[in-house]
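So the structure is just underneath, and the comments pick up after that.
The values are calculated or read from the model by the stated rules, or taken from the named source; none is laboratory data. On a predicted model such as this, the values are computed, not experimentally measured, just so you know. Note that each Cβ is placed from the backbone with ideal geometry, even for glycine, and that neighbours are counted across all protein chains shown.
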Amino acid sequence: MHSHNGLKTAALLGLLTAIILGIGYWFGGSAGLLIAVIVALLMNGVSYFFSDKLALRSMRAQPVSEADFPQLYQMVRELSQQAGQPMPRLYVSPTMQPNAFATGRNPQHAAVAVTEGITRILDYRELRAVIGHELSHVYNRDILISSVAGALAGIITMLANLAWFIPMGGDDDDGPNPLALMMMLILGPLAATIIQLAISRSREFQADASGAQLTNDPLALASALKKIHMGVQQMPLPAEGQLASSAHLMIDNPLKGGGIASLFSTHPPMEERVRRLEAMAASSGPIQYMR
């Protein structure tokens, strides 16, 4: 399971890189390519190092102490210790929509945030399962992977924009076919976006699986996901501003959208996530018999 998703991620990142090299080749390795690469890397370097701050700010999440939320602290501490990882910083967002997210570029700089809404609708087991999912994102280095994917997609989009300004060879012979160029300008960024989202979706399945292993309770995560999904449907958050940029971090995508929008969703369908967790529970047998 783990290696399959790892391979898929590597293949998708390779595909993004290939698109960049292809576009670069079109322009005969022009200086524009180099500029685009540098700008995109800088932008993503910044978002990588500040990913935790940006996400926490967009959800107005406040740090909480052990005195405020003893149960939450106990849960996170037990799971972190079990995984042999440092204790992350804990935050609570005043949002009533039930959701949770983890951020931070590595376990040493991790933060786990839950919304007030989620603490009201989930029981202890369900919340523990959600924390397991979030910690798995951190341990799987998902923030790093999505930053890399974001950087590559950003480079492709920037190159496509630059293509408008770069003169295409003096002669008709060696100038690229304008129709092909148009296709590249439109399809390049589109492909980059869809690949980037495919990476997010496979990461989500992976965090469900490793989270359920960490907590040893796939059914609690399945039932938590159902509750969260219902709550998110009832209280979608406004899709504008900073929130849209951190939507992919949430355990359930907080923004609404169906139909073609589901192609552009950062999360796999909730029914499929629940189905996989239930299958996992069925194959692992009753929990109490585990040694």
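Restricting attention to segment 78-125, which residues are in contact with a His (Cβ under 7 Å, 6 or more places away or on another chain) and more than 18 Å from residue 229 (Cα to Cα)? Once the filter is applied, which keeps residues that are in contact with a His (Cβ under 7 Å, 6 or more places away or on another chain) and more than 18 Å from residue 229 (Cα to Cα), segment 78-125 yields nothing. Do the conditions hold for residue 241, that is, is it at pLDDT below 70 and either of a type in the set (A, V, I, L, M, F, W, C) or at positive phi (or both)? So residue 241 passes the test.
Taking segment 43-75 as the range and being outside any helix (DSSP H, G or I) and crowded, with 16+ Cβ neighbours inside 10 Å as the test, the residues that pass are 59, 61, 64, 69. Within segment 172-183, not a single residue is part of a helix (DSSP H, G or I), modelled with pLDDT under 80 and buried (at least 20 other Cβ atoms within 10 Å of the Cβ). Please tell me if residue 96 is of a type outside the set (Asp, Glu), more than 27 Å from residue 193 (Cβ to Cβ) and either modelled with pLDDT of 95 or more or in a loop (DSSP other than H, G, I, E, B) (or both). The answer is yes for residue 96.
Residues in segment 252-270 that are at pLDDT 75 or above and over 21 Å from residue 137 (Cβ atoms): none.
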